[in-house]
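Written out below as structure tokens is the structure these notes cover.
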Amino acid sequence: MSDWLANSLSSFFGDPHALLVLVIAGFLPNEVWRMLGLWLGGGVDEGSEALIWVRAVATAILAGVIAQILVQPPGALASVPDWLRYGAVAAGFAVFMLTRRSIFAGVVSGEVAMVAGKWWLG
Amino acid sequence: MRSVATTVLTLVLFATYVGIGALAHDSHFSLGWVLGSTVLVWAGPAQIILITTLGSGATVVQAAIAVAVSAIRLFPMVVSVLPTMRTAGTKRRHLVLAAHFIAVTLWVECHRLLPLVPRERRIAFTHGLGCGLLFVCLVATTVGYGLAANLPVLFAAAILMLTPLAFLLSTARNCRQISDVLALVLGLALYPLVATLQTGVDILISGISAGTIAYGAHWWRARA
């Protein structure tokens, strides 16, 4: 019984080492900023120059992650040709701008462009 | 009108987490691991950075630095929202869970909805909203993971494509200043260049340099 439980837990969570990595590389570096905000909150001006820089760097890092997924696609996305991935994102962005910044319309159009292109290629 | 806006935000969040579930599957993480990351990290960008950096062979330290830098933006969010929940009798430990739930969607919703809630009920309201969104995201993560495992390649690719699309457009929507727009554009453009150097911390190098150039442009404009 305990073997069965241990087996199903390990197939659900995988390697215990990976969970440790999740806590060290994912949970702690992320949570520290929330707790700092809780402890030090009040003394920081939301419009201060330092926070404008922080926001710009955070935005640029996120942009890098988006570029990474598009340029070095993981798994199944690698089966879509480069030009089609870039074209689909461009189409989604164009529709987003045309619809006065509707995220929903942009995401749907980008997806439709990619699936249609891939289907047409066969 | 209010409920429509809520629905659209929740839909985008749902799509994002379907994408994260699919990304985790295709980067060979377990379902329990990615669900754990949704509960513990509770920040879409940090989870994607964690999965892509670890998945592409970075060390734990490199991944932790990339996550920490991306998460600095949570600090001003927590600082700006928590005071609106505080009453004279509120202790810091009452706010720990509320602080954990703060991420971009909840931050936007708190600024929109908290003024309508009596002050002494705001912490409970935030806990309720946070648990509700967390539940939606756990379902979405599981759905994405399962779909990536079982669908034909075309649909699995479409689900993975949700992540860059949803993040690009929601970031573009949140751009308020010239520095935000420049940071987004330069960050997209610089990454492929820096990636050719294969340093292992490509995202950090391109992000910090693009962000700093964008901030420099803002500073220069403000002075002129």
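Nothing in this text is a laboratory measurement; each read-out follows from the coordinates by a stated rule. None of these values were measured; they are calculated from a predicted model. With ideal geometry, Cβ positions are generated from the backbone for all residues, glycine too; neighbour counts draw on all protein chains shown.
Assorted remarks:
- Ratio of Rg to Rh for segment B:79-224: 1.07 [Cα atoms; Kirkwood radius as inverse mean 1/r over pairs].
- For segment B:208-219, the Karplus equation 6.51 cos²θ - 1.76 cosθ + 1.60, evaluated at θ = phi - 60°, returns couplings of 5, 5, 5, x, 6, 4, 4, 5, x, 5, 4, 5 Hz by residue, with Gly and Pro reported as x.
- Between A:A76, A:A94, A:A25, the residue with the greatest mean-square fluctuation in the GNM of chain A (Cα pairs under 10 Å linked by springs) is A:A25.
- Segment B:70-136 and segment B:149-211 have Cα centres lying 28 Å from one another.
- Counting other Cβ atoms within 10 Å as a rough exposure proxy, the listed residues B:C137, B:C131 run B:C131, B:C137 from fewest neighbours to most.
- Neighbour-count ranking [beta-carbon atoms within 10 angstrom, fewest first] of A:F93, B:F101: A:F93, B:F101
- From least to most packed, judged by other beta carbons within 10 angstrom and beginning with the fewest, A:K118, B:K91 follow the order B:K91, A:K118.
- For segment B:1-146, the orientation-averaged shadow of the C-alpha convex hull comes to 9.0 nm² (one quarter of the hull surface).
- Judged by the gyration tensor of its Cα atoms, with axes a ≥ b ≥ c, the protein assembly as shown is rounded; a/c sits under the 1.5 cut.
- Per-residue Karplus couplings for segment A:12-24, computed as 6.51 cos²θ - 1.76 cosθ + 1.60 with θ equal to phi - 60°, are listed in order as 6, 8, x, 4, x, 4, 5, 5, 5, 4, 4, 5, 6 Hz, Gly and Pro entered as x.
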